[in-house]
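Encoded as structure tokens, the structure appears first; notes follow it.
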Amino acid sequence: RLSYNDLFDLYAQALLVAVPLKPDISYPSGIRGALEAMALGKATICTRTSVLEEVLEDRKDLIFVEAGNPGKIRAEIKVLLSDQSRRTMLEQNASRAVREKFGMLAFVEPLERLLHSL
């Protein structure tokens, strides 16, 4: 029930972002929230999803946790709150990963190569 502006303001003010998902979800839920937080350079904890695992590295770009384990999410939040250097590394890698893998150039450059080859 938030506008996107309000949601992005919340992301911007957050020290870190956790995106918990229910177990046994068969569709790529939560991906947008995780990527939005990462794009804003936020250390992100997200329930493991196969779609994100294909392109993002656990403990480098973000932290994956198993679905249905709130204790693990809590433990990872505590680690990030107490370890500024780890949080900073995730923030930097998160922002870079989203720009490189999901930014406009990631879509335009392959298309441009294809068009030139035709």
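The values are calculated or read from the model by the stated rules, or taken from the named source; none is laboratory data. The shown structure was predicted, so the numbers you read here are calculated from the model rather than taken from an experiment. Backbone-built Cβ (ideal geometry, glycine too); neighbour counts: all protein chains shown. For the accessible areas, the whole protein counts, side chains as well, though only heavy atoms, and no ligand, DNA or RNA atoms are used. Shrake-Rupley method; radii C 1.70, N 1.55, O 1.52, S 1.80 Å.
At a glance:
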{"item": "Residue within region 27-34 that is among the aliphatic types (A, V, I, L, M), modelled with pLDDT under 90 and in contact with a Leu (Cβ under 9 Å, 6 or more places away or on another chain) present", "result": "yes"}
{"item": "Residue identified as modelled with pLDDT under 95, assigned to a helix (DSSP H, G or I) and either open to solvent by less than 20 Å² (accessible area, probe 1.4 Å) or in contact with a strand residue (DSSP E or B) (Cβ under 7 Å, 6 or more places away or on another chain) (or both) among L52, L80", "result": "L52"}
{"item": "Positions within region 55-71 being surrounded by fewer than 22 Cβ atoms within 10 Å (Cβ to Cβ), in contact with a strand residue (DSSP E or B) (Cβ under 9 Å, 6 or more places away or on another chain), part of a loop (DSSP other than H, G, I, E, B) and not acidic (D, E), in sequence order", "result": "A67, G68, N69"}
{"item": "Breaking point among (1) modelled with pLDDT of 95 or more; (2) open to solvent by 20 Å² or more (accessible area, probe 1.4 Å), for T44", "result": "(2)"}
{"item": "Candidate set from region 83-106 (those that are within 17 Å of the chain's Cα centre (by Cα) and hydroxyl-bearing (S, T, Y)); member that is most open to solvent (accessible area, probe 1.4 Å)", "result": "T88"}
{"item": "Some residue of region 108-115 being touching a helix residue (DSSP H, G or I) at 6+ places or on another chain (Cβ under 8 Å) and not in a loop (DSSP other than H, G, I, E, B)", "result": "no"}
{"item": "Cβ pairs under 9 Å, 6+ apart, first in region 6-25 and of a type in the set (D, E, K, R), second open to solvent by less than 70 Å² (accessible area, probe 1.4 Å)", "result": "K22/S29; K22/T47; K22/A67; K22/G68; D24/A67; D24/G68"}
{"item": "Within region 8-37, tally of residues that are part of a helix (DSSP H, G or I) and either open to solvent by 50 Å² or more (accessible area, probe 1.4 Å) or in contact with an Asp or Glu (Cβ under 7 Å, 6 or more places away or on another chain) (or both)", "result": "7"}
